[in-house]
Structures are given as structure tokens and as C-alpha cells.
Amino acid sequence: MTAADAPDLEHFLADLFADPPLVHDRPDGSRTHVWHTEPACYRLMAGLVSRGARTLETGCGVSTAMFAGLGTEHTAVFASQEEADALLSWCARRGVSTDRLTLRLQFSSVALPTLTGPFDLFFIDGAHSFPAPILDWFYGGQLLVKGGVLVVDDAQLPAVALLLEFLDADPRWEPVAGDDKWRAYRRLSEGSLVEEWVRQSFWRSPRRPSLGERALGRARRTFGRRSLPEIQLPSP
Ligand SMILES: C[S@@+](CC[C@H](N)C(=O)[O-])C[C@H]1O[C@@H](n2cnc3c(N)ncnc32)[C@H](O)[C@@H]1O
């Protein structure tokens, strides 16, 4: 991967942020919104890839339009025909070529295990519920080349935070950039991510549930969840 030409890149991103593809719907059903991450995250990704780089993402939005505009060999995995239609209309209106764009309209847990790769950059920003980001990393991350970059959005959400806790401990994922909202890591290994726990001795102290959480877990196992709505956890 090489850095894209800086002045052109800034111009390209300013245009994209000023008129992003509104692919997501509002509660009233109107497609007039786009969930997005921070400009710095897009700037980092855009600077890392050039035309022809192999990029993969879960989810659809500004990022998908950005990779299409940059001319990467891009695969976006998300399960919404409406989002795909809105994205393709935006590309047509803006004259952005979709020749190198592949849209896989499936849940990522279904599509990613069938992909072959390899990829130079992988952006995880699809489903954010447990264990989706971890599955995305497991199936998509193994397709990243050695030296490829993994970018993860929404670090503040619990399922994403679990993944990041592991990545921060694993020396094979070198932190590159990020903040409280998103993180980027360079992959220093290659191939499958399947391994036994004994190979993960770096991950010695995962967050232990507090005493209160453990007590609540025991009570739920004993009495069932519905009989305990009034229990309040003590502050940590
Ligand atoms: C936060 S938005 C993505 C924003 C986008 N990356 C951007 O930069 O604007 C989340 C996306 O994840 C998609 N999504 C939700 N569940 C998914 C799943 N199980 N597999 C793949 N994509 C999913 C949604 O359709 C939506 O496009």
C-alpha cells in the first residue's frame, strides 16, 4: 500500500463529507441519514490505500463511497438492498465508478467465512451487538495480509470494547492510530486466526466481572432473570 496524493486526498474527502451518501434510514423510514465515524478515521484509511488496493468492510456508508471513489478493489458486506440502492444512486449522481466495488448483501457472519481475500485493509463497522465484531475480526481478519491494517469503529460499545481489549494485548496487532471512537492496528502475523488458548498467554488479565456482577449472574442462574428485576448492581 502507498499513501495517496495528499492535496487531492483532502479535496476528495472534503467533497465526500460535504455530500455523503445518505444510505441509512430514520425512524420514519426516510433514507436521509448516514451513520459515520470521525473524519480522522476516514483520513487514515484513505491515506493508507491507493487505487487497486484490496479493501474489505462490514457495513455500508461514507466508508463504502470513499473506497469506491479511491478506486480500491473493495468488498462491502451488509444485508440491506435499500442501502445498496441508495449507495449506487449516490455513486451514479457523483460519477463515482463502481467497477471495482463488490456489494455482498448478506449478514457478515454468513458472508465473511466464504470470502477468500487477501485484503490490505479491513474496516469493521457492521453489526455492533455481541459477538458480531468479534466474528467479523475472526473471519475477516484472517484474510488480512501481513502488514495489512484492521480498523474498528465504535470502541465505546461493549462488544467492540471486548475485541479491542484482546487486540490491545496481542503483540501481533500493532496499534497504529485511533481514539475513544475508533482504532487501527497493523497485522504482524498472517493466515488463520484459529489457535488454542495456550498461544494467548499475553492475555492474562481480561476484565473480571465485579463481585456484584458475579453475584447477579449466580442469582440469575438460580432463580431466573425475570424474578430479579429490582436488583441494582453496586457501583464498581
Ligand atoms: C454504522 S453503519 C456503517 C457506517 C459506515 N461504515 C460509514 O462509514 O458511514 C452500520 C452498518 O452495518 C450494517 N449491518 C448491520 N448488521 C449487519 C450484519 N449483521 N452484517 C453486516 N452488516 C451489518 C448496516 O446495514 C449498516 O450499513
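Projecting label points 7 angstrom from Cα along Cα→Cβ for residue 146 and residue 32 puts them 5.2 nm apart. Potential lengthening of the chain between residue 222 and residue 168 amounts to 15.9 nm, from the contour at 0.36 nm per residue minus the alpha-carbon distance. Among 9, 164, 121, the ranking by other beta carbons within 10 Å of each residue's beta carbon, starting with the fewest, stands as 9, 164, 121. Hey, if you put +1 on the Cβ of every Lys and Arg and -1 on every Asp and Glu Cβ in the chain, which of 189, 217, 143 ends up farthest toward the positive end of that dipole? So the residue furthest toward the plus end is 217. Projecting the Cα positions of 77, 113, 162 onto the charge dipole of the range 6-205 (unit charges on Cβ atoms of Lys, Arg, Asp and Glu, taken about the Cα centre) puts 113 furthest along the positive direction.
Counting each DSSP H run of 4 or more residues in the chain as -39500 (n - 2.57), what helix-only mean residue ellipticity at 222 nm follows after dividing by all residues, to the nearest 500 deg cm²/dmol? Mind dumping the intermediate values first?
Working: 8 runs with 85 residues, N = 236.
Counting only the DSSP helices, I get -11000 deg cm²/dmol.
Rounded to 0.05, the FRET efficiency of the residue 102 and residue 213 pair, given R0 = 45 Å and the Cβ-Cβ distance, is 0.60. For the chain, the Cβ-based charge dipole about the Cα centre amounts to some 1040 debye (Lys, Arg positive; Asp, Glu negative; other atoms uncharged).
Value of Rg to Rh for the chain, rounded to two decimals, is 1.02; Kirkwood radius and Rg both from alpha-carbon coordinates.
Coordinate-derived values only; no laboratory data. Computed from a prediction, not measured in an experiment: that's the story for all the values here. Glycine gets a Cβ as well: all are built from the backbone with ideal geometry, and neighbour counts include every protein chain shown.
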